[in-house]
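Let me begin by presenting the structure, written as structure tokens, before commenting on it.
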Amino acid sequence: MANDAVEDSRAAQPAEPRLSDVGLIGALARLMADHQKDVVQPKVDAPKAQLIKVYVEDGQSDLIIRVGDDVIGRYKVNVAQPKVVVDCDNEAALNEYADKHGGTEVVIQRNATWEKSLLRYAKYDEDTGLIIDTRNGEVVPGLKYEKGGGPTGGLTWTWEQGDAGKKRLMRLYQEGKLNHLLKETPELMAGPRPSAENAQH
């Protein structure tokens, strides 16, 4: 009886989606995000220019957005606050003032170009475990060897043959051949499906 209960609970749990299906959903999400960015971002940015113009002309610095009596949110023009800053055209005078009042310091640090060059010529010696500067054969202290090959935590996505992959995926999407996957991701089905012509842009 106990085994029957365990088997029933396993059967009730949905199977984990295949990696290829998860990857396909990810590709479709990228396609939709690219498409929506072109369509949506201009609408997101639209109030900015008009509100800044109104601020310059009339001094109105905010806009409250309402639907009936319900406040949805507000836009506010960001304005620079008054402050004292260094006059780049007269820094020599400020430097003299700083010298007189203890406001200067000497900073010694590694030259970034030198360090980049050193790392290019540095080599890990497998036998000794030391890092060698191949230009002069000296052991370089303060460097360590990190073995590669582990995942970095990021992924790189590349559409097949430029935009050919985008067009193929859009065609499959429009033909409904991905609907079996999209049942679990309704956010990718919201709104009208973009036309094939839009997918090419």
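Evaluate region 1-14: report whether one residue or more is at pLDDT below 80, under 30 Å from LYS183 (Cα atoms) and assigned to a loop (DSSP other than H, G, I, E, B).
yes
Within region 74-92, count every residue that is surrounded by 10 or more Cβ atoms within 10 Å (Cβ to Cβ) and out of contact with any strand residue (DSSP E or B) (no Cβ under 9 Å at 6 or more places or on another chain).
Of all residues in region 74-92, those surrounded by 10 or more Cβ atoms within 10 Å (Cβ to Cβ) come to 74-77, 91.
Next cut, out of contact with any strand residue (DSSP E or B) (no Cβ under 9 Å at 6 or more places or on another chain) only: 91.
Residues in region 74-92 being surrounded by 10 or more Cβ atoms within 10 Å (Cβ to Cβ) and out of contact with any strand residue (DSSP E or B) (no Cβ under 9 Å at 6 or more places or on another chain): 1 in total.
Return the residues of region 45-73 that are part of a helix (DSSP H, G or I), free of Cβ contacts under 8 Å to residues at least 12 places away in the same chain and either open to solvent by less than 80 Å² (accessible area, probe 1.4 Å) or at positive phi (or both); say none if nothing qualifies.
Across region 45-73, the qualifying residues are ASP45, ALA46, ALA49, VAL54.
Hey, among ALA164, ALA196, which residue is modelled with pLDDT under 65, hydrophobic (A, V, I, L, M, F, W, C) and open to solvent by less than 70 Å² (accessible area, probe 1.4 Å)? Step through it out loud before you land on a result.
Numbers: ALA164 fails: modelled with pLDDT under 65.
Only one candidate passes the filter, namely ALA196.
Given the structure, is VAL107 exposed (fewer than 10 other Cβ atoms within 10 Å of the Cβ) and either without any contact (Cβ under 8 Å) to a residue 60 or more places away in the chain or within 37 Å of the chain's Cα centre (by Cα) (or both)?
yes
Can you spot a residue in region 176-187 that is open to solvent by 80 Å² or more (accessible area, probe 1.4 Å) and at pLDDT 80 or above?
Scanning region 176-187, I find no residue that is open to solvent by 80 Å² or more (accessible area, probe 1.4 Å) and at pLDDT 80 or above, so the answer is no.
When you scan region 74-185 for helices (runs of 4 or more DSSP H) that lie fully inside it, which ones turn up with 1 or more residues that are touching a Pro at 6+ places or on another chain (Cβ under 9 Å)? Full working, then the answer.
On the way: elements: 91-100, 112-121, 164-174, 179-182.
Once the helices (runs of 4 or more DSSP H) in region 74-185 are filtered for at least 1 residues that are touching a Pro at 6+ places or on another chain (Cβ under 9 Å), what remains is 164-174, 179-182.
Kindly indicate whether LEU172 is in contact with a helix residue (DSSP H, G or I) (Cβ under 8 Å, 6 or more places away or on another chain) and either among the charged types (D, E, K, R) or open to solvent by less than 60 Å² (accessible area, probe 1.4 Å) (or both).
Numbers: in contact with a helix residue (DSSP H, G or I) (Cβ under 8 Å, 6 or more places away or on another chain): no; either among the charged types (D, E, K, R) or open to solvent by less than 60 Å² (accessible area, probe 1.4 Å) (or both): yes.
So LEU172 fails the test.
The values are calculated or read from the model by the stated rules, or taken from the named source; none is laboratory data. What you see is a predicted model, and the numbers here were worked out from it, not measured in a lab. Please note: Cβ atoms are built from the backbone with ideal geometry, for glycine as well, and neighbour counts cover all protein chains shown. Remember, those area values only see protein heavy atoms, side chains included, never the ligands or the DNA or RNA. Shrake-Rupley method; radii C 1.70, N 1.55, O 1.52, S 1.80 Å.
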